[in-house]
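J.: Next up is a structure, given as structure tokens.
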Amino acid sequence: MNSLAPHLKAKALKPNSRRPAKELCSECGLCDTYYIHYVKEACAFIHQQIADLEAAAHGKSRDLNQENDLYFGVHQEMMAAKKKQAIPGAQWTGIVSTIACEMLDRGLVEGVVCVQNTAEDRFQPQPILARTTEEILAAKVNKPTLSPNLSVLEEIEKSGMKRLLVIGVGCQIQALRAVEKKLGLEKLYVLGTPCVDNVTRSGLQKFLETTSRSPETVVHYEFMQDFRVHFKHEDGSMEMVPFFGLKTNKLKDVFAPSCMTCFDYVNSLADLVVGYMGAPFGWQWIVVRNDTGKEMLELVKDQLNTQDVMSSGDRKQAVQNSIPAYDKGVTLPMWAAKMMGVVIEKIGPKGLEYARFSIDSHFTRNYLYVKRNYPEKLAAHVPEYAKKIVEKYKLPD
Ligand code: FAD
Ligand code: SF4
């Protein structure tokens, strides 16, 4: 039946050719395959359809009157967790890689879509269809750049695999869900991470050079819950730079236009999401969206310490203040940025409230960006939940 599928007649785009979403393309990889046939319906930046895809994936779309649904999407359960024994070199404690390895080891899936780096460059993504746990472990740690994870979709169909795990960020997963039924699979598992402010490889270089004391030795970094960017260097040393000291004027254009128009920070369509921003400092944050996600988490529960999610502080004033500061590209002197970071860390939002702080400040910024640059897209591209969140704040014109 699949051999008659219309996409088999389509042709992938050549690597450097312009994509249908033009400058908004996040290089999700779909157009590198014959599934480009479905791009008009599937691309997250051409056809926003999160509510419908939520209903298809989870049996319901989020309830806009429930605060936690509004912010974090459809879910059965949330928790903070860390591995009892962290995987050395993973982004956090390696929960994502561990789940993927267990699923392959126990035969739940025959392959895992994940992203390694190229031999020459630790930050240049190299998506793969992993068939061994060694290959999955070699994909640990974030490649903090746009990554064409879906470029391996043709390989899946050709391999005849019927049970698959895909690891990915929101825009990749939106396109994946839209073509899920065309992949000829018996079972698809989706393990997502939140994602925000991603960059092209050259954008990453600019960010590192503008922000770190030693850009060439950075092995990974994260925008942490203590309002600082934590850079880890090759020699194991850590470097912390307060958010408020970032050179916003120089970094304004560094984020990919796709990420400036994205409202799927929390990866609404994955079965299970593993991030950090809703958890206390040092812990990972897990969102179980449906029964499939629960099944995946159960496989590793005995390897985790867990605790309930918590929430404290009040983000609203900090978000409102962040809006004009970003808009005008204000950069504080480093001493003031450090002081502000210390104060905010002491009294500022924590746990789920920190996650709401981050969602609110990115959604308001992105809403303004779409309104100014793509006014014709505003009504259809911004999901209802994001409009409801943005309405809480006073925005400049
Ligand atoms: P690991 O076991 O180290 O595994 C990491 C997995 O990520 C690997 O399987 C790899 O295939 C996959 N991966 C790496 N790079 C990419 C990429 N570019 N695209 C798709 N998949 C990739 N969490 C938050 O709470 N808030 C955020 O703002 C946030 N931003 C993120 C931005 C990016 C670009 C990425 C990739 C992740 C982000 N996360 C964010 C998630 C968080 O940083 C960790 O990835 C997550 O907690 C899992 O950690 P781990 O130790 O379990 O992962
Ligand atoms: Fe194609 Fe993905 Fe780019 Fe959209 S974001 S144009 S689906 S590669």
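J.: So which of Leu352, Leu378 is farther than 25 Å from Pro280 by Cβ, of a type in the set (A, V, I, L, M, F, W, C) and modelled with pLDDT of 80 or more? So that I can check it myself, show each step before the final result.
T.: Numbers: Leu352 fails: farther than 25 Å from Pro280 by Cβ.
Of Leu352, Leu378, the one residue that is farther than 25 Å from Pro280 by Cβ, of a type in the set (A, V, I, L, M, F, W, C) and modelled with pLDDT of 80 or more is Leu378.
J.: Let me ask something else. What is the one condition in (1) farther than 20 Å from Tyr34 by Cα; (2) touching a Phe, Trp or Tyr at 6+ places or on another chain (Cβ under 6 Å) that Leu153 does not satisfy?
T.: (1)
J.: Kindly list the number of the only condition in (1) open to solvent by 20 Å² or more (accessible area, probe 1.4 Å); (2) within 15 Å of ligand 1 (Cβ to nearest atom) that fails for Phe244.
T.: Just one mismatch for Phe244, condition (2).
For every residue, the table says whether it meets (1) touching a residue at least 12 places away in the same chain (Cβ under 8 Å); (2) within 16 Å of Gly275 (Cβ to Cβ); (3) more than 9 Å from ligand 1 (Cβ to nearest atom).
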| residue | (1), (2), (3) |
| --- | --- |
| Glu54 | yes, no, yes |
| His58 | yes, no, yes |
| Leu64 | yes, no, yes |
| Ser97 | yes, yes, no |
| Gly107 | no, no, yes |
| Gly111 | yes, no, yes |
| Arg122 | yes, no, yes |
| Ala130 | yes, no, no |
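Every residue, every condition in (1) among the aliphatic types (A, V, I, L, M); (2) outside any helix (DSSP H, G or I); (3) under 18 Å from Gly73 (Cα atoms), yes or no:
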| position | (1), (2), (3) |
| --- | --- |
| Tyr354 | no, no, yes |
| Ile359 | yes, no, yes |
| His362 | no, no, yes |
| Tyr367 | no, no, no |
| Leu378 | yes, no, no |
| Ala386 | yes, no, yes |
| Tyr393 | no, yes, no |
| Asp397 | no, yes, no |
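One line per residue, one yes/no per condition, for (1) closer than 13 Å to Val96 by Cβ; (2) at pLDDT below 95:
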position: Gly111; (1), (2): no, no
position: Lys140; (1), (2): yes, no
position: Pro148; (1), (2): no, no
position: Ala175; (1), (2): no, no
position: Gly184; (1), (2): no, yes
position: Tyr189; (1), (2): yes, no
position: Gly203; (1), (2): no, yes
position: Phe207; (1), (2): no, yes
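J.: Shifting gears a bit: Return the only residue of Thr145, Thr93 being surrounded by 18 or more Cβ atoms within 10 Å (Cβ to Cβ), within 16 Å of ligand 2 (Cβ to nearest atom) and polar (S, T, N, Q).
T.: Among Thr145, Thr93, only Thr145 is surrounded by 18 or more Cβ atoms within 10 Å (Cβ to Cβ), within 16 Å of ligand 2 (Cβ to nearest atom) and polar (S, T, N, Q).
J.: In this structure, does Val196 turn out to be β-branched (Val, Ile, Thr), within 16 Å of ligand 1 (Cβ to nearest atom), within 15 Å of the chain's Cα centre (by Cα) and more than 16 Å from Val115 (Cα to Cα)?
T.: So Val196 fits the description; yes.
Each row is one residue, and each column tells you yes or no for (1) more than 16 Å from ligand 2 (Cβ to nearest atom); (2) open to solvent by less than 20 Å² (accessible area, probe 1.4 Å); (3) not small (Gly, Ala, Ser).
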{"residue": "Phe72", "(1), (2), (3)": "yes, yes, yes"}
{"residue": "Gly89", "(1), (2), (3)": "yes, no, no"}
{"residue": "Ala100", "(1), (2), (3)": "yes, yes, no"}
{"residue": "Met103", "(1), (2), (3)": "yes, yes, yes"}
{"residue": "Val112", "(1), (2), (3)": "yes, yes, yes"}
{"residue": "Asp121", "(1), (2), (3)": "yes, no, yes"}
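J.: Among the numbered criteria (1) within 16 Å of ligand 1 (Cβ to nearest atom); (2) touching a Lys or Arg at 6+ places or on another chain (Cβ under 9 Å); (3) touching a residue at least 60 places away in the same chain (Cβ under 8 Å), which single criterion is violated by Gly29?
T.: (2)
J.: Look at Lys84 and say whether it is more than 12 Å from ligand 1 (Cβ to nearest atom), in contact with a strand residue (DSSP E or B) (Cβ under 7 Å, 6 or more places away or on another chain) and either over 23 Å from Lys162 (Cα atoms) or of a type outside the set (D, E, K, R) (or both).
T.: When the stated conditions are applied, Lys84 passes them.
J.: Here is a list: Glu222, Glu298. Which entry is open to solvent by 20 Å² or more (accessible area, probe 1.4 Å), more than 17 Å from Ile359 (Cα to Cα) and of a type in the set (D, E, K, R)? Working first, answer last.
T.: Details: Glu222 fails: more than 17 Å from Ile359 (Cα to Cα).
Criteria check complete, one pass: Glu298.
J.: Quick one: is Val190 open to solvent by 10 Å² or more (accessible area, probe 1.4 Å) and within 14 Å of ligand 1 (Cβ to nearest atom)?
T.: no
J.: Which number in (1) open to solvent by 30 Å² or more (accessible area, probe 1.4 Å); (2) closer than 22 Å to Glu298 by Cα; (3) in contact (Cβ under 8 Å) with a residue 12 or more places away in the chain marks the one condition that Gln49 misses?
T.: Condition not satisfied by Gln49: (2).
J.: Within the stretch 284-327, count every residue that is within 20 Å of Ile87 (Cβ to Cβ) and assigned to a helix (DSSP H, G or I).
T.: Result for the stretch 284-327: 6.
The values are calculated or read from the model by the stated rules, or taken from the named source; none is laboratory data. Since the model is a prediction, treat every value here as computed from it, not as a measurement. With ideal geometry, Cβ positions are generated from the backbone for all residues, glycine too; neighbour counts draw on all protein chains shown. All accessible areas refer to the heavy atoms of the entire protein, side chains included, with ligands and DNA or RNA removed. Shrake-Rupley method; radii C 1.70, N 1.55, O 1.52, S 1.80 Å.
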